[in-house]
Amino acid sequence: KMPQTPPFAAMFDSSGYNRNLYQSKEDNCGGLYYHDNNLLSGSLETLIQHLVPSIDYYPDRTYIFTFLLSSRLFMHPYELMAKVCHLCIEQQGLSEPGLDKNWMQKIAPKILQLLTEWTETFPYDFRDERMMRNLKELAQRIASGDEMYRKNVQQLLQNLIRKLNAVSQYEEVLAKIDATSTDRLTVLKTKPQSIQRDIITVCNDPYVLAQQLTHIELERLNYIGPEEFIQAFVQKDPLNNDKSCYGDQKKTRNLEAYVEWFNRLSYLVATEICMHVKKKHRARVIEYFIDVARECFNIGNFNSLMAIISGMNMSPVSRLKKTWAKVKTAKFDILEHQMDPSSNFYNYRTALRGATQRSLTAHSNREKIVIPFFSLLIKDIYFLNEGCANRLPNGHVNFEKFWELAKRVSEFMTWKQVECPFERDWKILQYLLTVPVFSDDALYLASYESESPENHIEKDRWKTLR
């Protein structure tokens with residue numbers, strides 16, 4: 001019976017290390033260096049060896065996740081897969097024609113478990129033909145031993161193919177959405193008056209809009225693979241100058257698509273405000289978005305919250321002094337205070353910790369929602385990566401750094417697995433995703449036409465734009 005997969009949150013204890021790792025391996029064995037039972041470093045070869053199960057050993061789950069996540073800084077996943085397959089076959093004698101059934105029953109479930117963890121947590125690695133070939137070859141060897149393993153192998157491959165199909169469909173949907181909004185933008189440029197609808201006529205309840213935004217956020221978050229964070233900042237391996245680790249590794253764009261969604265939402269907010277000719281309408285839209293932002297905060301959707309605040313802080317919106325004079329801004333001030341960037345976003349980080357605590361003890365999906373301010377999460381991971389070398393002076397892999405990276409990413413993994421508890425409203429979702437938004441120039445033009453330029457710089461800009 002193989003160890004069951006615990007939820008991600010349980011993987012790392014507070015220090016980032018799992019205390020009861022490696023009971024089956026002694027300290028500093030074969031080039032792995034530990035301190036207080038924590039793996040600190042090792043040569044790349046030894047770490048690969050440490051990933052491979054044997055009759056009396058199975059790697060700890062935190063180790064599997066951490067190594068599969070970070071090894072791509074040194075080698076392609078398909079190269080790692082080839083080595084793992086080779087070690088499994090050589091060491092466990094899987095190449096022998098008449099394999100002892102008894103032996104097979106001991107080793108097969110462990111190898112299958114490792115392949116299951118890999119395909120479930122990093123499915124996008126298998127968009128590479130070479131990965132698939134190696135996976136199938138190893139799986140075949142296991143399956144040939146026993147009817148039961150054959151079923152398990154089939155199940156594993158079916159689940160993987162289902163995940164890969166899902167991401168392909170998602171990418172097609174994103175491409176369609178982009179095309180639709182581009183088409184609508186063309187219409188907008190030729191017939192501006194055709195944009196009769198505004199957000200409040202589509203959805204007059206800020207609470208419902210915050211729920212629909214949360215749907216979009218969770219869906220997009222869910223498609224981001226943990227490895228996309230690491231691949232966002234891969235350089236060449238310093239020990240091997242001619243080999244960029246990443247030539248053809250970028251198999252997905254989910255992380256970029258998510259950042260683009262944040263930008264779209266900011267511009268949508270600014271567009272909805274600036275497109276109104278009447279001051280009272282603009283003020284009403286601002287107050288509406290302040291309420292939406294507050295609901296996002298209560299839900300734990302910090303990414304939409306930040307996008308809305310960014311939209312309101314864009315110059316074409318913030319310069320509308322007469323409009324803002326009609327707005328009750330007390331609520332907005334509270335939200336701005338929550339998302340204030342000073343002291344490295346201290347207030348936001350405190351709120352995020354609170355939401356994370358709530359999600360750990362949650363009884364419903366509603367309380368589990370934590371959608372981080374994404375650009376800041378990427379930045380944190382980036383600085384964590386930049387601040388530490390991947391290798392120690394002796395050439396060893398700096399595993400201590402990778403524990404920390406894995407800890408950050410595993411927290412994200414917990415957040416992205418939450419099912420959205422709210423009902424979908426397709427009409428509102430369609431509007432949010434495809435309604436045309438103004439460019440910077442169009443926003444400024446609309447803004448100057450609403451409240452005329454106040455100084456020479458604005459006057460010159462207005463002339464140029466007209």
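Computed quantities for the displayed model
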| item | result |
| --- | --- |
| Calculated FRET efficiency for the pair D205/K331, C-beta based, R₀ 22 Å, to 0.05 | 0.85 |
| Estimated distance in nm for a label pair at K136 and R366, the labels positioned 7 Å out from Cα along Cα-to-Cβ | 4.8 nm |
| Magnitude of the charge dipole, the stretch 113-183, Cβ model with Lys/Arg +1 and Asp/Glu -1, debye to 20 | 320 debye |
| Cα centroid separation - the stretch 379-447 against the stretch 40-91, whole Å | 27 Å |
| Options Q105, N159, L69, ranked by Cα towards positive dipole end of the stretch 28-161, top entry (Cβ charges) | N159 |
| Accessible solvent surface per residue of the stretch 388-466, calculated while the other protein chains remain in place, 1.4 angstrom probe, Å² | 53 Å² |
| Spin-label model distance (nm) - E451 vs D380, 7 Å beyond Cα toward Cβ | 3.5 nm |
| Check: the stretch 355-466 dipole with +1 on Lys, Arg Cβ and -1 on Asp, Glu Cβ, in debye | 400 debye |
| Extension gain (nm, one decimal) between N394 and N344, 0.36 nm per residue minus Cα-Cα | 14.6 nm |
| At R0 = 22 Å, FRET efficiency that the Cβ-Cβ distance of T464 and V277 yields, to 0.05 | 0.50 |
| Chain lengthening between Y57 and D178 when straightened (0.36 nm per residue, less Cα-Cα) | 38.6 nm |
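The values are calculated or read from the model by the stated rules, or taken from the named source; none is laboratory data. Nothing here was measured: the structure is a model prediction, and the numbers come from that model. Neighbour counts run over all protein chains shown; Cβ positions are idealised from the backbone, glycine included. In case anyone asks, the SASA skips ligands and DNA or RNA and just uses the protein heavy atoms, side chains included. Shrake-Rupley method; radii C 1.70, N 1.55, O 1.52, S 1.80 Å.
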